[in-house]
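For reference, the structure is listed below as structure tokens.
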Amino acid sequence: MKVAIVKYNAGNIFSVESALRRLGIEPVLTDDAQTLRDSDCVLFPGQGEASGAMDYLRQRGLDQVIKGLRQPVLGICIGQQLMCRHSEEGDTDCLGIFDTDVRRFRPARHEEKIPAMGWNGITHLKTPLYSGIEEGDFVYFVHSYYVPLCEYTIAQADYIQPFSASIHRDNFYATQFHPEKSGAVGERIIANFLRIAAGEDVSLNSVQP
């Protein structure tokens, strides 16, 4: 299987590469349009700042490349946020794959720290991406901005208010959390994504209601 990771200025690459290698995949790190198009699936990870990341993508034409991909794509952390329409971070227009906006957490109490950092449970799981994952399983988050609950939400988490831990539209999947840093649960999610990309029959039967 040909697996590509988008190379750009906000990519959180090393841990994603390591997670794929643990699953027997040697990924290609690339910003070449044809290589991305020819891959069986693409991962779009990220840590950083939205406006700078979007400027970088636009300058290299990667914004249009990513939007035009037809194989399964998995956005991670800022990758999920950049797939949305607009982000409050830097008042940034993003890729618009998901017709929803990214908002900044606004703490109401002293103990509500930003960024939200650490382990949190995910619930309301949908789609085969979460096959074998149980309601309330914990994954690792680091973020100051979030995607509100919307029609694309396939997993929820709660910090200050409920938000989209994961979203999905057509061939595009995304997680606000870092599956590559989320132990066995995260490894299963990445493996499910690879199985989806391989055309395997992945069911949601083992997810607890």
> Of Lys7/Lys67; Lys2/Lys67; Lys2/Lys126, which pairs sit farther than 24 Å apart, going by alpha carbon to alpha carbon?
Replying inline: Lys2/Lys126
>> Let's see if you can work this out: charge +1 on each Lys and Arg Cβ, -1 on each Asp and Glu Cβ, no other charges. What is the dipole magnitude of the chain about its Cα centre, in debye to the nearest 20?
In response: 120
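What does the C-alpha gyration tensor say about the overall shape of the range 115-159? Classify as rounded when a/c is under 1.5, otherwise prolate if a/b is larger than b/c, or oblate. Numbers along the way, then the final one.
Values: a/c = 2.43, a/b = 1.31, b/c = 1.86.
The shape class here is oblate.
What is the antiparallel percent of DSSP beta bridges lying wholly in the chain, to the nearest 5? Let's see the in-between values first.
Details: 23 of 39 bridges.
Here the share of antiparallel DSSP bridges comes out near 60 percent.
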>> Using the Cα centre of the range 96-209 as the reference point, and only Cβ charges (+1 on K/R, -1 on D/E), how large is the resulting charge dipole? Debye, rounded to the nearest 20.
In response: 360
> What is the spin-label model distance, in nm, from Asn171 to Gln64 if the labels are put 7 Å beyond Cα along the C-beta direction?
Replying inline: 1.8
>> Taking only Cα atoms of the chain, what ratio of Rg to Rh do you get with Rh as the Kirkwood inverse-distance radius?
In response: 0.94
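How much area per residue is accessible in the range 1-99 when the probe is 1.4 Å and only protein heavy atoms are counted (Å²)? Intermediate results must be reported in sequence, preceding the final value.
On the way: 4080 Å² over 99 residues.
Normalised by residue count, the accessible surface of the range 1-99 is 41 Å².
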> Given Leu74, Trp119, Ala19, which one lies farthest toward the positive end of the charge dipole of the chain, if we put +1 on the Cβ of every Lys and Arg and -1 on the Cβ of every Asp and Glu?
Replying inline: Ala19
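Output the peptides 19-29, 162-172 sorted from most to least packed, where packing is the average of other Cβ atoms within 10 Å over each peptide's residues.
Values: 19-29: 14.8, 162-172: 20.6.
Top of the packing list down: 162-172, 19-29.
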>> So, R0 is 30 Å and r is the distance between the beta-carbons of Arg106 and Lys126; what FRET efficiency does that work out to, to 0.05?
In response: 0.65
>> Please report the accessible area of His143 (heavy atoms, 1.4 Å probe, ligands and nucleic acids excluded) in Å², nearest 10.
In response: 10
> By its C-alpha gyration tensor, with a ≥ b ≥ c as the square roots of the eigenvalues, how is the range 8-51 shaped: rounded for a/c under 1.5, else prolate for a/b larger than b/c, else oblate?
Replying inline: oblate
> At a Förster radius of 25 Å, what calculated FRET efficiency corresponds to the Cβ-Cβ distance of Asn9 and Asp93, to the nearest 0.05?
Replying inline: 0.90
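Given a 1.4 Å probe and every protein chain left where it sits, what share in percent of the accessible area of the chain is carbon and sulfur?
Values: 4190 of 9140 Å².
Answer for the chain: carbon and sulfur cover 46 percent of the accessible area.
Over all directions, the average projected area of the alpha-carbon convex hull for the range 69-184 comes to how many nm²?
Average of the hull's projected areas for the range 69-184 equals 7.1 nm².
Based on DSSP H runs of at least 4 residues, each adding -39500 (n - 2.57), what is the mean residue ellipticity at 222 nm of the chain after dividing by all its residues, to the nearest 500 deg cm²/dmol? Each step should come with its number before you reach the end.
Numbers: 6 runs with 52 residues, N = 209.
After summing the helix terms and dividing by the residues of the chain, the value is -7000 deg cm²/dmol.
The values are calculated or read from the model by the stated rules, or taken from the named source; none is laboratory data. Computed from a prediction, not measured in an experiment: that's the story for all the values here. Glycine gets a Cβ as well: all are built from the backbone with ideal geometry, and neighbour counts include every protein chain shown. When the accessible area is computed, the model is the full protein with side chains, heavy atoms only, and any ligands, DNA or RNA have been set aside. Shrake-Rupley method; radii C 1.70, N 1.55, O 1.52, S 1.80 Å.
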